[in-house]
Amino acid sequence: MGLFLLVMGLFLFVFPDTSILNYGEASLDYFFNTAPWIFIFLIPAITMRMFSEELKSGTIELLTTRPLTKWQIIGGKYLAAVALLAMALLPTLCYYYTIWQLGATSGNIDTGATNGSYIGLLLLGGAFTSIGIFTSSLTRNQIVAFILGVFLCFFFYMAFDFLSRTDVFYASLDDIVEKVGIFKHYESISRGVIDSRDVVYFASFIGLFLFFTKLVLDARHS
């Protein structure tokens, strides 16, 4: 959390090439464009021990003998990581207050787009967390879980957007490919319009990777 806030603070207010104080515009766009890239590394770092440490130390056996279902175990770990992520985002509200006060006219900031972007960032973090939980269940090695998590987060965030811009897909296919990835839906919510299709996408994405995690745990204890 401290590292995330330090890096974002340096980029937003200290480094002259990226400082929002030099934008001449009351906007947090740079924050919401940069945060996902930090999440790609931050969230796998948070989740890499969730199951890999349990598998390495053998405490997963003790955990599964408790009167808990696999879904309760997975859900508890997932919600713990998301709660930590939400706590990391909470102090960033001071960025919003700073821009609100520093505008040529106090309060001259697009509140709707900012609120949408925060919701989008939480949904994005939830999606990355589900990937991190899944990769942590695949291996006993935390570093391997971290690397796999970073790769899959990057892949689902940007790869489909890149593929849709190539000459491989034509007509409506490129739009379909783009919508498979996370970036399109995050960008849509960040405009301040909460579309139910984007919310359903994130909920389905999270549910799918948590389901994959359950399949891995079932296979380990079958």
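Answer yes or no as to whether ALA219 is among the small types (Gly, Ala, Ser) and farther than 27 Å from THR114 by Cβ. Working first, answer last.
Numbers: among the small types (Gly, Ala, Ser): yes; farther than 27 Å from THR114 by Cβ: yes.
Spelling it out, ALA219 is indeed among the small types (Gly, Ala, Ser) and farther than 27 Å from THR114 by Cβ.
Go through the stretch 86-101 and report how many residues are among the hydrophobic types (A, V, I, L, M, F, W, C) and under 17 Å from the mean Cα position of the chain (by Cα).
In the first step, residues of the stretch 86-101 are kept if they are among the hydrophobic types (A, V, I, L, M, F, W, C); the result is 86-90, 93-94, 99-100.
Remaining after also requiring under 17 Å from the mean Cα position of the chain (by Cα): 86-90.
Of the residues in that region, 5 qualify.
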Fill in the blank from the handout: If we keep only residues of the stretch 175-216 that are small (Gly, Ala, Ser) and under 13 Å from SER117 (Cα atoms), then the residue modelled with the lowest pLDDT is GLY192
Exercise for the section: State whether one or more residues within the stretch 47-69 are more than 16 Å from VAL144 (Cβ to Cβ) and under 22 Å from the mean Cα position of the chain (by Cα). Expected result: no
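Could you say which residue among ILE131, ILE109 is assigned to a loop (DSSP other than H, G, I, E, B) and either closer than 27 Å to ASP195 by Cα or at pLDDT below 90 (or both)? So that I can check it myself, show each step before the final result.
Values: ILE131 fails: assigned to a loop (DSSP other than H, G, I, E, B).
Result: ILE109 is the single residue among ILE131, ILE109 that is assigned to a loop (DSSP other than H, G, I, E, B) and either closer than 27 Å to ASP195 by Cα or at pLDDT below 90 (or both).
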Exercise for the section: Pairs only if they're at least six apart or on different chains, beta carbon under 8 angstrom, first in the stretch 115-127 and at negative phi, second surrounded by fewer than 21 Cβ atoms within 10 Å (Cβ to Cβ) and not in a helix (DSSP H, G or I); list them, first residue then second. Expected result: ASN115/GLY192; GLY116/ARG191; GLY116/GLY192; GLY116/VAL193; GLY116/ILE194; SER117/GLY192; ILE119/ILE194
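The values are calculated or read from the model by the stated rules, or taken from the named source; none is laboratory data. Just so it is clear, the structure is predicted and the values come from calculations on it, not from any experiment. When we count neighbours, we look across all protein chains shown, and the Cβ atoms used for this are built from the backbone with ideal geometry, even at glycine.
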